[in-house]
Structures are given as C-alpha cells and as structure tokens.
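Encoded as structure tokens, the structure appears first; notes follow it.
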Amino acid sequence: MEALSRYVTSSGCKIYTFPVRAFPELVANIYLITDGQHRILVDCGSGMNRSNRDLLAGLKAIEERYDEPTGLEKLSAILITHGHIDHFGGLPFVRQFTQAPIGVHLLDRRILSHYEDRVVVASRLLENFLKRAGVRAPDRENLMAMYLFAKEIYHSTPIQISLGENGFQPDSSCSDGISKESQDQSSTIAVLSDRISFYHVPGHCPGQVCLRLDDILLTADHVLSRTTPHQAPESITNNMGLGHYLDSLNKIQALDGIQLALGGHEKPMNDLAGRIREIKRVHDERLEQVLEICYQPKTTADISRELFGPVNNYHILLALEEAGAHVEYLYQRGELVATNLAEIESEPDPVILYQRC
C-alpha cells in the first residue's frame, strides 16, 4: 500500500498510518500506535464494505512491510477520536475480531453506545434548525434523507474507557459491556498512559480529542492540512459551535514541542501553529462576510447561498450548517439581531431573519 507511512516519536513509539475510503468521496486516515508490546488502533473507518476492506489491507501492509504483528485480534485498545461515523462506524466490524476495550471522550460516548437514541434526537434538532433557517419543506425532506443515508450501517456498541485530559479512565457506566478479557487489556494499556496525552477540543464534535505522543500530535478533525474543518451550530448539538472551536484552536496552538501533526484526513502538517493561524483567518473572513450580507434582514438559508454559491447534494446541508454556526456566533455576541420578533413570538417554528446591528 503506497500510502502507508510510519513515524517514530522522540521516545521510540511507532505510529503507522494508512487511508481508508470511508465514503465514495471521503478518505479517512487510520492510525496504529505501538511501543513494541501494546498496539492501539486510533479510529476505524465508516463500517462500509470498502472502508472495512481498506482497514484490513492497511493492517496487513504494516505487517508485511515492517514485520509488525497487526491483526485486529492483537489490539490492546481501540480509541475513537470523535463521534463522526467516518471515524467510528467500523466498530461493529472490528468487534468481530477483538474484544479490546474501546475508548472515546465522555461527551461522544452516547453516540457510540446509544446510537439509535442519538440518531432520533439529532435528526429532530437538525430538522428544527432547517425550519428556522428558512429551508422550504420539500428541500428539508431531501436534506434529511441525505443526512440519514448510511446511518443504518452502525449499531450501538458498548464503551469501556473514557478518554480525558487525565488519560485513560475505566467507564463504569458501561461495566456490563466489559468482558474479563477487556478488563485485563484495559489494565495493560495503562502502561501507555504516561506517554499519550489527550486534549479535549470541542467544536467540530462535542467530544473530539487530540492525542499527543512525545513530539507528534494526532489532530483528528480538529486541524487538517487543507480543509477548514466543518462547523455546525451548538443549537443542533451542545459543545459544538464556532465559539467552542476557536477556543479549542487556541488551546492546541499554545502547545510547545510539536514537530509533526497528523490529521484524521489529508496530509501531515509540519507547521501546526501556522496552519491554525490560517484556519482562524478563514473564520474571521467568513464572519465579516456574514456581517456584510446582513445589512438587510436575511435568513440563514439566504446567508448560506451568498456565502457558498450553488452547491449540490450533501454539500447543501454542510453549507447551511457552516453558515448557521457563523450566524449563531455573531448572534450570541450581539453583532446580529433577529428582526421579525412578532413572528418569532407568535409562530411555533418561525423562520428567523437576522440583521447586522
């Protein structure tokens, strides 16, 4: 596999990485961390057939090229960087081969362990957002159908470890999902807890974490080399939103000693602080654009069209959420106000018009 890479941290830990085709138009990066004795899989793809095949092929390529035992049955743990399906959807597939404990941040635990609950609640909140944004009923139906596409490929999977800034913590709330084997493995990976540091970076996802091993940082989808990571309003999901995201960027930008950053997609980054500055600049410019658009009252759908122009398929939903995140940020800070207060007061699901103060 030509895209297979290996990195060695300053203390000698090895990080292997390879891509999987998570969805037809989306490639995700998988990571395998090892100190020679313990093996930790970081993210596992979407769970679609091509993604699962790529996962197995990538692990096999590591074994063949580097003589590193990498079968799924040899894993010490599986860590999920955040609760987006292109990163955790492969868990039911992986569970067929291993009982290694699964870890995720507390704020994304419910997405993995009570997935059906998450889909129903998130779908209703998203539909409410689209109504308030001014999206017409037929278009809402199409967008919701796209949102729910492929949601059935995953089913709830118990979580054994909570990831936080204090390292690995047993997740006692899911003790019924822990086998004796998992408990034993959970105790063995504690050896690595002094090597892996976790940074909670909400914004793109409520429970997203970055993982630091010595001088290398796995940035998940918090910082990417080319794309400005997608934002959605906190009104859809708590602990998302542009305000949380910008605070989290500041947190990672302040880290010293990072020589290499590896994202959940795209290429490695040699200048993490510089890339964060570029991302901040994009959001500053977008906020200014929204204020310029809102010299006259506009819906979020209006703002989305003016920001991003004509887009198709799932990108329509992404554009609406991105515009909504920036509108919400400005509204929270009093730079935008709602102008149709009588409608908002009298109607059950009003479309909201925003204008610059």
Any idea how far apart ARG50 and TYR314 come out in nm if each label point goes 7 Å out from Cα toward Cβ? 1.1 nm
Given a Förster distance of 35 Å, report the FRET efficiency between LEU148 and ARG65 from their Cβ-Cβ distance, rounded to the nearest 0.05. 0.35
What longest region of the chain stays clear of GluC sites (Glu not before Pro) that DSSP places outside H, G, I, E and B and that have at most 12 other Cβ atoms within 10 Å? 166-357
Tell me, what is the FRET efficiency for LYS74 and GLU165 to the nearest 0.05, using R0 = 30 angstrom and their Cβ-Cβ distance as r? 0.60
Cα-based Lys proximity count in the chain, under 20 Å, for pairs eight or more positions apart or on separate chains: 8
Would you be so kind as to identify which of GLN296, PRO310, ILE279 lies farthest towards the positive end of the dipole of the stretch 277-317, taking Lys and Arg as +1 and Asp and Glu as -1 on Cβ and the Cα centre as origin? ILE279
Take the alpha carbon atoms of the stretch 67-128, find their center, do the same for the stretch 238-277, and report the distance between the two centers in whole angstrom. 22 Å
Test item: Cα-centred dipole of the stretch 1-68, Lys/Arg +1 and Asp/Glu -1 on Cβ, debye: 80 debye
Roughly what would the spin-label model give for ARG333 and LEU255, points 7 Å off Cα along C-beta, in nm? 2.5 nm
With the chain treated as a Gaussian network of Cα nodes joined by springs under 10 Å, which of ASP117, ASP86, ASP108 yields the largest mean-square fluctuation? ASP117
Mind putting a number on the dipole of the chain about its Cα centre? Charges go on the C-beta only, +1 for Lys and Arg and -1 for Asp and Glu, and I need it in Debye to the nearest 20. 380 debye
Charged-residue dipole, Cβ positions (Lys, Arg, Asp, Glu), the stretch 268-342 about Cα centre, Debye nearest 20: 80 debye
Among the trypsin sites (Lys or Arg not before Pro) in the stretch 296-339, which ones are in a DSSP loop with at most 12 other Cβ atoms within 10 Å of the Cβ? Mind listing them? ARG333
Can you tell me how much longer the chain between GLU306 and ARG124 gets when fully stretched, taken as 0.36 nm per residue apart minus their C-alpha distance, in nm with one decimal? 62.9 nm
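The numbers here are math on the coordinates, done by the rules we state, and not lab data. If you're wondering where the values come from, they're calculated on a predicted model, not measured in any experiment. Counting neighbours? That spans all protein chains shown, and the Cβs are built from the backbone with ideal geometry, glycine included.
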